[in-house]
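Below is one structure, written out as structure tokens; comments come after it.
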Amino acid sequence: QVQLVESGGGLVQPGGSLRLSCAASGISFSIYVMNWYRQAPGKQRELVATIRSGRTTIYADSVKGRFTISRDNAKNTAYLQMNNLKPDDTAIYYCNFNSGAKSYWGQGTQVTVSS
């Protein structure tokens, strides 16, 4: 059974940092493109960052220069390092990968950026 479990969210002040983790099980983790999405209330789900098996990365314009996606294939874990956080970064963050036409999602972890 495929399982993705996010962790590391919390409440931080603007300018602060968090590192999110996505622990995967039940898949051949190293071969998949891994993604981080986020969704804020009233807003559409947004692709934040992508990392391929070869470790090439893509970022949304809104987070470029502030967020870094990485992966540790030996630990079956993807990470999202979030620096210089802004209130607009407040959202539930989800780990995701796609196999063919099917998408797999974790339960999400809440990130709140507020003074």
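The values are calculated or read from the model by the stated rules, or taken from the named source; none is laboratory data. Keep in mind it's a predicted model, so treat the numbers as computed, not measured. A quick note on method: Cβ atoms are made from the backbone with ideal geometry, for glycine too, and the neighbour counts reach across all protein chains shown.
The residues on offer are ALA40, ALA60, and the sole one that is of a type in the set (Gly, Ala, Ser), closer than 16 Å to GLY108 by Cα and surrounded by 14 or more Cβ atoms within 10 Å (Cβ to Cβ) is ALA40. Residue count for region 9-32 under the criterion of being surrounded by 15 or more Cβ atoms within 10 Å (Cβ to Cβ) and within 16 Å of LYS75 (Cα to Cα): the result is 8. With respect to being of a type in the set (A, V, I, L, M), touching a residue at least 24 places away in the same chain (Cβ under 8 Å), closer than 17 Å to GLY106 by Cβ and in a loop (DSSP other than H, G, I, E, B), ILE69 falls outside the description. With respect to GLY42, is the statement that it is modelled with pLDDT of 95 or more and at positive phi true? It is false that GLY42 is modelled with pLDDT of 95 or more and at positive phi. Residue under question is ARG55, and the condition is that it be in contact (Cβ under 8 Å) with a residue 12 or more places away in the chain, surrounded by fewer than 12 Cβ atoms within 10 Å (Cβ to Cβ) and charged (D, E, K, R); does it hold? Yes, satisfied.
Look at TYR94 and say whether it is in a strand (DSSP E or B), in contact with a Gly (Cβ under 7 Å, 6 or more places away or on another chain) and touching a residue at least 60 places away in the same chain (Cβ under 8 Å). Lay out the reasoning, then the answer.
Numbers: in a strand (DSSP E or B): yes; in contact with a Gly (Cβ under 7 Å, 6 or more places away or on another chain): yes; touching a residue at least 60 places away in the same chain (Cβ under 8 Å): yes.
Yes; evaluated as a whole, the condition is true for this residue.
With respect to VAL111, determine if the residue is touching a residue at least 24 places away in the same chain (Cβ under 8 Å), of a type in the set (A, V, I, L, M) and not in a strand (DSSP E or B). Considered against the rule, which asks whether it is touching a residue at least 24 places away in the same chain (Cβ under 8 Å), of a type in the set (A, V, I, L, M) and not in a strand (DSSP E or B), VAL111 comes out as no. The residue of region 66-108 that is surrounded by the most Cβ atoms within 10 Å (Cβ to Cβ), among those that are β-branched (Val, Ile, Thr) and closer than 16 Å to VAL48 by Cα, is ILE69.
Just one of the listed residues (SER103, SER70, SER53) is at pLDDT below 95 and closer than 25 Å to GLN1 by Cα, and it is SER53.
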